[in-house]
Amino acid sequence: MRDLVQRLFDHMFWADRRILDLLAASDSARTADVLRLASHLLAAERVWLLRIEGRDSAAQPIWPEWTLDELEHAAEANRAGYERLLERLAEEDLERVVEYTNSKGTPFRTRTADILTHVAMHGSYHRGQIAAAIRRAGAEPVNTDYITFIRDVG
């Protein structure tokens, strides 16, 4: 399971990077809607990392409005944080239960494996929304499908 989680996160890092590269290269793709969705995607990645690490996530807004530079910084920080986490993650750590409070103040208890799976899947959902918003803006979105990642990096 640990190897699968690592692969899903490698895909997440790759897909986030492709989106940010497109936004940096295309003014027409960089709409307020796209930036808002990308901000949420990266903020949510951060929130879940904080929760897994046992840190308070209440100060991290879930729907921030970040600039492209702020998105770049968030993506780099998320990648570094998750890489550190995954580097030290043992198979048995995936069963560890994380206690946290959601953005509405409701307490929850969730296995680390389930949180990490959620993070990887949540990003795919929002990258689909970002692709649709980019297309509505008249630009061509990038392909962030998992199979494309596998073909690109092997």
Subject >> Shape metrics for segment 101-154, restricted to C-alpha atoms - Rg then Dmax, Å >> reply: 15.5, 43
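Using a 1.4 Å probe on the protein chains only, how many percent of the accessible area of segment 48-154 belongs to carbon and sulfur?
50
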Subject >> J(HN,Hα) series, segment 72-87, from Karplus relation 6.51 cos²θ - 1.76 cosθ + 1.60, nearest Hz, glycine and proline x >> reply: 4, 4, 4, 4, 5, 5, 4, 4, 4, x, 5, 4, 4, 4, 5, 4
**OP:** Kindly provide the helix-only [θ] at 222 nm of the chain, computed as the sum of -39,500 (n - 2.57) over DSSP H runs of four or more divided by all residues, to the nearest 500 deg cm²/dmol?
**Re:** -22000 deg cm²/dmol
Original post:
In whole Å, what three semi-axes, largest first, describe the equivalent ellipsoid of the chain built from its Cα gyration tensor (square root of 5 times each eigenvalue)?
Top reply: 27, 19, 12
Subject >> Extreme residue, positive dipole direction of the chain, given options L86, A25, L116 (C-beta unit charges) >> reply: L116
Subject >> Neighbourhood net charge (14 Å Cβ-Cβ; Lys/Arg +1, Asp/Glu -1) for S39 >> reply: -3
**OP:** Can you tell me which of 23-35, 57-69 comes out highest on packing, and rank the rest after it, using the mean Cβ neighbours within 10 Å?
**Re:** 23-35, 57-69
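Give me the mean projected area, in nm² to one decimal, of the convex hull enclosing the Cα positions of segment 1-78.
Result: 5.4 nm².
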Subject >> Surface per residue (accessible, 1.4 Å probe) for segment 13-113, Å² >> reply: 54
**OP:** Place the peptides 76-88, 100-112 in order of packing, highest mean first, counting for every residue the other Cβ atoms within 10 Å and averaging per peptide.
**Re:** 76-88, 100-112
Subject >> Per-pair calculated FRET efficiency, R0 = 30 Å: T67 and T117 via Cβ, rounded to 0.05 >> reply: 0.50
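The values are calculated or read from the model by the stated rules, or taken from the named source; none is laboratory data. As the structure is a computational prediction, the values presented were derived from the model and not from experiment. Virtual Cβ from ideal backbone geometry, glycine too; neighbours counted across all protein chains shown. Ligands, DNA and RNA are excluded from the accessible area calculation, which covers all protein heavy atoms including side chains. Shrake-Rupley method; radii C 1.70, N 1.55, O 1.52, S 1.80 Å.
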